[in-house]
Each structure stands twice: as C-alpha cells, then as structure tokens.
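The values are calculated or read from the model by the stated rules, or taken from the named source; none is laboratory data. Bear in mind the structure is a predicted one, so any value in this text is a computation, not a measurement. Note that we place each Cβ from the backbone using ideal geometry, even for glycine, and neighbour counts take in every protein chain shown. These accessible areas exclude ligands, DNA and RNA; they are computed on the full protein's heavy atoms, side chains included. Shrake-Rupley method; radii C 1.70, N 1.55, O 1.52, S 1.80 Å.
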Amino acid sequence: ILGFSTPPGRLSMMAFILNALTCALGLLYFIRRGKQCLDFTVTVHFFHLLGCWVYNSRFPATLTWWLVHVVCTALMAAIGEYLCMRIELREIPLASAPKSNV
C-alpha cells in the first residue's frame, strides 16, 4: 500500500512520518538520554520489522517500505536525540540557600 503514486499510499507514508515524530517525543519522556535514543529507535523498528514479517508471512521486499522505514528511523533518532540533549544540557541551579557571612 506504500507508494508515491496513490493517495492512500501517500497518506500511509505521512502517517509513518508523523508516528516517527511522536515517538521522538516519547524518547524525550521515557528514555531521557541522548546516547540511548539510537539504540531504542533501532530496537523499536527491528521489532516492527519482525512483526510485519510474521503478520504478512513474508519478508518485506518493496523498496518504498524500506525507504519509509529508513527515513522514519533517522527522523526518530535525530529528533529524539536533539530533544534529549536539550534537556541534558540545561544549567543546574546552584543557588539553593543564602550564604551566611562568618
């Protein structure tokens, strides 16, 4: 069903891309480490590949399926890592209590 020529194919590809963006937000809230974003993203997409293989009883062989999933993996990892790095690089507040003069 994935393809550039038909409206349902384009809609499915847009759904995959929007899913990658929302999963990048999930990386921010559940993983919270920039170093682990790529590992988690590849693991999720690997399990999706296995699920598609079992569900369809054949290995996905179409070029558009692989292109969409490579793009979605890259988007999810890059945006998730960017968001996590922004959280990790925040300044730590040091002024917690007033100092006393001795």
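Please go through the range 23-43 and give me each residue that is part of a helix (DSSP H, G or I), over 16 Å from His69 (Cβ atoms) and not hydrophobic (A, V, I, L, M, F, W, C), ordered by number. Let's see the steps before the verdict.
Initial filter on the range 23-43 (part of a helix (DSSP H, G or I)): 23-31, 34-43.
Next, only the ones that are over 16 Å from His69 (Cβ atoms) stay: 25-31, 34-37, 39.
If the condition is that a residue be part of a helix (DSSP H, G or I), over 16 Å from His69 (Cβ atoms) and not hydrophobic (A, V, I, L, M, F, W, C), then Gly26, Tyr29, Gly34, Lys35, Gln36, Asp39 are the ones that fit.
Counting only residues that are of a type in the set (Val, Ile, Thr) and either more than 27 Å from Cys84 (Cα to Cα) or open to solvent by 70 Å² or more (accessible area, probe 1.4 Å) (or both), which one in the range 40-60 is farthest from the chain's Cα centre (by Cα)? First the steps, then the outcome.
Of all residues in the range 40-60, those of a type in the set (Val, Ile, Thr) come to 41-44, 54.
Those left that are additionally either more than 27 Å from Cys84 (Cα to Cα) or open to solvent by 70 Å² or more (accessible area, probe 1.4 Å) (or both): 42, 54.
Details: Val42: 9, Val54: 23 Å.
For the range 40-60, the residue satisfying everything is Val54.
Being within 14 Å of the chain's Cα centre (by Cα) and either in a helix (DSSP H, G or I) or of a type in the set (Asp, Glu) (or both), is that true of even one residue in the range 3-15? Steps first, please.
As a first pass, look at the range 3-15 and keep what is within 14 Å of the chain's Cα centre (by Cα): 15.
Now narrow it down to the ones that are either in a helix (DSSP H, G or I) or of a type in the set (Asp, Glu) (or both): 15.
Yes - at least one qualifying residue is present in the range 3-15.
Is at least one residue of the range 58-70 closer than 27 Å to Gly9 by Cα, part of a helix (DSSP H, G or I) and small (Gly, Ala, Ser)?
Taking the range 58-70 first, the residues closer than 27 Å to Gly9 by Cα are 58-70.
Subsequent filtering for residues that are part of a helix (DSSP H, G or I) retains 63-70.
Narrowing further to those that are small (Gly, Ala, Ser): none.
The answer is no; no qualifying residue exists.
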If you go through Phe59, Phe16, Phe47, Phe30, the only one that is within 30 Å of Leu89 (Cα to Cα) and without any contact (Cβ under 8 Å) to a residue 24 or more places away in the chain is Phe30
